[in-house]
Amino acid sequence: MDIEREKIEFDVLFVGGGPASLAGAIRLMQLAKEKNINLEVALIEKGAEIGSHGLSGAVLNPIALKELIPDYSEKGCPIETVVRGDEFLYLTKNSFFRAPFVPRYMHNKGYFVISLSKFTKWLGEIALEMGVNIFPGFAGKEVLYAENNKNVIGIRTGDKGLGKDGAPKSNFESGIDLMAKVTVFGEGARGSLVQDMAKKLDIFSDKMPQVFEVGIKEVIQLPEINYFSTSKGNDIHTLGYPLDFDTPGGGFIYEMKDNKVAIGFLAGLCYENPMFDIYDEFLKFKSHPFVAGIIKGGKVLQQGARTVSTGGYYTMPKLYVNGALFVGGCAAIQNTPALKGIHASMKSGMLAAEAIISALEENSFNAETLSIYKALFEKSWLNGEMLEGRNFAQALAKKGITKFVHLGAQYFTKGRGIRDGLSTEEDCTTLKQIKESDQAEAEIKKKVIDGTLYVDKLTGVYLSKTMHREDQPCHIIVHDTNICVNECYEKYRSPCTKFCPGNVYEIETDEKTMKRRLKLNFSNCLHCKTCDIKDPYRNIKWTCPEGGEGPGYTMV
Ligand SMILES: Cc1cc2nc3c(=O)[nH]c(=O)nc-3n(C[C@H](O)[C@H](O)[C@H](O)COP(=O)(O)OP(=O)(O)OC[C@H]3O[C@@H](n4cnc5c(N)ncnc54)[C@H](O)[C@@H]3O)c2cc1C
Ligand code: SF4
């Protein structure tokens, strides 16, 4: 289809309205003001509003916030509570043990509990006040390159108003070409444009495989008198039940204001059992006597899911190419041992802003000039944090006692451990063929669901306020559905029907022909990106749907 597209030129374009891009845009405007440089800066976000796709724990290490906005308190930063004490527990099926000590990177006393959706909304307002052109409801669909196919010159936003068959409807609006001297990619974990770029620009070559965890999170309204009315700690982390030793992950429970609690459960996508369902594990976690005691009498207000890029230092892509920089989760920037990426993402955006200012001063935007970003990164506290966690996710992915030997050694050697550059596999390669016992275990299902405090997947989708117009091309591309119904079903029993927290994937059987077929309920999609990562045949590609759709988070 030949479409004439509007072209808008900016000096700098940020793709994604997460903490990485927003902090970057704010820092850029601050520096431009200091240096008296006139700049046209834009930021696009695929969610309907800034914050509507923001989901995190979240305990915020305020180090980057304090650097960026020292008067954050006067400016009304939405802090839920301040961490007054950490609790670190090991859960068995019916009981628990308090760890004798809390690992140093989990010392959160004095840090802030926030909702990422509220926090990014607030950062967005500040960026707007400073003159950033913010375009929520616009998804970056395609990277634009110069004729040499190497220099990034901007991005094309997605078309709106296409019918299911891909043909324009009466309300069709073509996507816009947003051109920039520098494009900053801040798409978060498993950025779809970054994935596309990797095929062209080799940004991940020579790097360790990207690895991820997926998390489900809820905000629950508690009764007025609750656990936190008397507890010493209001920042609780758990290991153990319901996961076995070989699957990394754990739970978190953070006190929010107004008798609300943030509760969530994460698991490494390196798991092996094809019947593994993060949603079921989350329900089991919530039903554990310790956790159930905390949330008793509560009501789920909002739910959502998202992946985190946990691979760390050795999995980071090349951070700069001609005309573009990578910040935050899409560049694997995350302090994995601390389970914190917000401050790290913010700092990476801020460093990118400094690099852009110096590129603007030189009026050169090639990789060589932009490489100052890497140099600034290496001099910053962020590099120290990344280095300390450089082998952590890789150690977590090891099995049995080996895992603990590596983790112990890393703890005492500030991250180096027994083997620096510990290897790991891509998450899409770790599933084992289905066994009878896997299926039997999966039958022990959601007995606890009551529709209020324990909700099923579809109610969860409803509570995430997720919306997609049904009459549009499906944004989830399954390259070959024969693989799904034949090979994948036979070998793994269609793990997509388990790992997708939105119940997007279903295998149906045609009543007449008795043939299986894949059904995609794409309007349920939570944009967590698990399917793009975990599918064992690399047969699923997640792309951005029409801008302004997806979850409508306000408090997670
Ligand atoms: C369950 C869970 C718990 C966590 N707990 C904590 C915690 O307690 N503390 C902590 O510090 N960190 C925590 N993290 C990690 C933290 O949330 C991330 O590290 C951080 O959000 C990454 O920031 P980002 O800006 O890189 O990406 P994101 O926050 O993912 O933001 C990216 C934004 O870009 C938008 N976007 C993506 N692609 C496009 C596109 N092509 N076009 C337009 N817009 C696009 C997305 O909609 C999104 O709004 C947690 C994460 C999860 C999932
Ligand atoms: S379809 Fe993929 S991205 Fe969407 S909710 Fe399911 S696993 Fe997540």
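Laid out as a table, the results:
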| quantity | calculated |
| --- | --- |
| Residue under evaluation Asp165, criteria (1) more than 27 Å from Gly54 (Cβ to Cβ); (2) modelled with pLDDT of 95 or more, criterion not met | (2) |
| Selection within the stretch 538-552 - within 26 Å of Ile176 (Cα to Cα) and part of a loop (DSSP other than H, G, I, E, B) | Thr543, Cys544, Pro545, Glu546, Gly547, Gly548, Glu549, Pro551, Gly552 |
| Check on Asp202, at pLDDT below 95 and away from ligand 2 (no atom under 16 Å from the Cβ) | yes |
| Among the candidates Tyr505, Tyr462, residue that is without any contact (Cβ under 8 Å) to a residue 60 or more places away in the chain, within 9 Å of ligand 2 (Cβ to nearest atom) and among the aromatic types (Phe, Trp, Tyr) | Tyr505 |
| One residue from Val194, Val219 being in a strand (DSSP E or B) and not assigned by TED's automatic domain parsing to the domain that holds Phe404 | Val219 |
| Pairs, first touching a residue at least 40 places away in the same chain (Cβ under 8 Å) in the stretch 490-501, second in a loop (DSSP other than H, G, I, E, B) and within 10 Å of ligand 2 (Cβ to nearest atom), C-beta under 8 Å, six or more apart | Pro495/Asp535; Cys496/Val504; Cys496/Asp535; Pro501/Leu526; Pro501/Cys528 |
| The stretch 51-72 residues that are free of Cβ contacts under 8 Å to residues at least 24 places away in the same chain, paired with ones that are not in a strand (DSSP E or B) (beta carbon under 6 Å, 6 or more apart) | Tyr72/Leu65 |
| Positions within the stretch 473-506 being touching a helix residue (DSSP H, G or I) at 6+ places or on another chain (Cβ under 9 Å) and polar (S, T, N, Q), in sequence order | Ser494, Asn503 |
| 1 or more residues closer than 22 Å to His343 by Cα: qualifying strands (runs of 3 or more DSSP E) within the stretch 1-119 | 7-15, 41-45, 79-82, 86-91, 112-114 |
| Failed criterion for Gly51 (all others in (1) modelled with pLDDT under 95; (2) crowded, with 19+ Cβ neighbours inside 10 Å hold) | (1) |
| Residue that is on the phi < 0 side of the Ramachandran plot, modelled with pLDDT of 95 or more, within 12 Å of ligand 1 (Cβ to nearest atom) and in a loop (DSSP other than H, G, I, E, B), where the choices are Gly124, Gly175 | Gly175 |
| Which listed residue, of Lys232, Lys257, is at pLDDT below 95 and either out of contact with any helix residue (DSSP H, G or I) (no Cβ under 8 Å at 6 or more places or on another chain) or charged (D, E, K, R) (or both) | Lys232 |
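The values are calculated or read from the model by the stated rules, or taken from the named source; none is laboratory data. Computed from a predicted structure; not experimentally measured. Here Cβ is always computed from backbone atoms with ideal geometry, including for glycine, and neighbour counts include all displayed protein chains.
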